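Some notes on the structure that comes next.
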Amino acid sequence: MNIICAYPVNVDAVCNIRSEEISALISSNMKIELKESIGSREDLLSCLLFCMQQGSGAEILIQGPQVARQIEESFSWQFRLGGNAGIMANVLATLGARPVLNAPALGPRLAGMLHAVVHVPVSVAEEPGQAAEGPKADQEMVHFVFQFKKGDLVSSGQSRIIAPSDNRFIATYDPVNTRLLSSKHFDSYCLENIREIDGALLSGFHLAPFKEYQEIFPQKIAQIKSWKDKNPQIFIHAEMGSFQSPEIMQSLLLLLPQIPVDSLGLNEDELAAAEGLSPGSLPARWQETMKATERLRESLGLFRVAVHTRDYILSVMLPGKITAAIELSALQSGADAAAALAATGFVTGESPEVVNSVGLEAKEEFCRNGATASGRGAFLQTGEAIISLMPSLLAKKPKITVGLGDTATAAVFFRELTAIKKNRF
């Protein structure tokens, strides 16, 4: 299977939070809040503490290279592949697909992190890792990822902050991916070979800055629509992210049906934003998540909308392309892949056996409300839609908290696309 993965890929600089290190940098009068952008190390700490306090994740843009340099010098880092498209391409390659990845800023370090099967279109004169349009190796796009775990404690003046759950905060300075740039070789390759492409995984729209998104989005939508026009069979999934403003997200959601996109993915905070609510304000009960997902799918007229939370993955889709049994199997493969990555650091690692108790309780209540149990999950056909719910697995001591949603999305998409392609013949 040939699958386009666009748009962002970068190097992630990962910092596992150490309480003493963070506490030593905090001033006694620091205001804890989620900033619109990061203009100093103090802004970074304010956002990080807010996320730790809430147990939530976020991604905020850094205002310039000098601030990014100060952040890089203030902490110790481990480097790994990052960017939604890059992570999903590696997962798909591991599962047996042939991903085509957009990587306009591809230096040797980043190239060395990609699975050997991932195809990055370059000109005949270029070698992978030496993309003419991208920066030099020491200028590769780097995102700063702060991972924290449930129970991590940071002292802030007279108060103490204890993280209620595992999550991560990302600070990003990335003039390439924030503009959703694509290389001319990627653009031409996709157009010339689009009839041989089976699916596309789209992401990174959340990185677009507030001042530029109205210029960026129409260009990208036009490109993706050109793929769909030339190959109506291509199955397209768009994955959301932590947008700078609800206004940006609403603008994108109105554009996606124009392609049209087939499937949409979000987490619970992004679903709240789609409902016009602030992060965390959507009631945590699975019934509310289900109703909000149904409303979103219906309002956009999409085939499928899925929400992945730390407790379960829930999807609402129309019948026809995928059976309920296949969708549940796909959701389980996504949940298992994310759990394996969290527990072992590898998608191919052994998944933990413990089922998330909140997700399991949601599944059991779902069944009491008429759903049919199937394996670890359950499904219900109501009206014109099929609702599927799959509890997640619990990694008690996670090694990784970033990229889990992307990993689950890629694994689910692979199973769905395999079934869709099989049904065409």
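The values are calculated or read from the model by the stated rules, or taken from the named source; none is laboratory data. Because the structure is a prediction, the values reported are computed rather than measured. Cβ sites come from the backbone with ideal geometry, for glycine too, and all protein chains shown count toward neighbours. Ligands, DNA and RNA are excluded from the accessible area calculation, which covers all protein heavy atoms including side chains. Shrake-Rupley method; radii C 1.70, N 1.55, O 1.52, S 1.80 Å.
Here are a few things to note about the model shown:
- Within segment 346-356, one or more residues are under 24 Å from Ile236 (Cβ atoms) and out of contact with any Asp or Glu (no Cβ under 7 Å at 6 or more places or on another chain).
- Leu256 vs. criteria without any contact (Cβ under 8 Å) to a residue 60 or more places away in the chain and either more than 19 Å from the chain's Cα centre (by Cα) or more than 24 Å from Met88 (Cα to Cα) (or both): no
- Filter result (modelled with pLDDT of 95 or more and not in a helix (DSSP H, G or I)) within segment 388-411: Ser388, Leu389, Met390, Pro391, Ser392, Leu393
- Within segment 225-240, the residues that satisfy the criterion of being touching a residue at least 40 places away in the same chain (Cβ under 8 Å) and either crowded, with 20+ Cβ neighbours inside 10 Å or aromatic (Phe, Trp, Tyr) (or both) are Trp227, Ile234, Phe235, His237, Glu239.
- Residue within segment 296-305 that is in contact (Cβ under 8 Å) with a residue 24 or more places away in the chain and within 16 Å of the chain's Cα centre (by Cα) present: yes
- Qualifying residue in segment 223-233 (condition: touching a helix residue (DSSP H, G or I) at 6+ places or on another chain (Cβ under 7 Å) and over 22 Å from Leu201 (Cβ atoms)): no
- Residue within segment 36-58 that is open to solvent by less than 20 Å² (accessible area, probe 1.4 Å) and within 26 Å of Met113 (Cα to Cα) present: yes
- Filter pass, Ala105 being at pLDDT 95 or above and not β-branched (Val, Ile, Thr): no
- Scanning segment 23-56 for residues that are more than 23 Å from Pro8 (Cβ to Cβ), assigned to a loop (DSSP other than H, G, I, E, B) and basic (Lys, Arg) returns a single hit, Lys31.
- Where Ile216 falls short, out of the listed (1) more than 19 Å from Leu417 (Cα to Cα); (2) open to solvent by 20 Å² or more (accessible area, probe 1.4 Å); (3) at pLDDT 95 or above: (2)
- Boolean, Ala97 is open to solvent by less than 50 Å² (accessible area, probe 1.4 Å), free of Cβ contacts under 8 Å to residues at least 60 places away in the same chain and under 30 Å from Lys422 (Cβ atoms): no
- Index of the failed condition, Val176 passing every other in (1) closer than 20 Å to Lys35 by Cα; (2) modelled with pLDDT under 95: (1)
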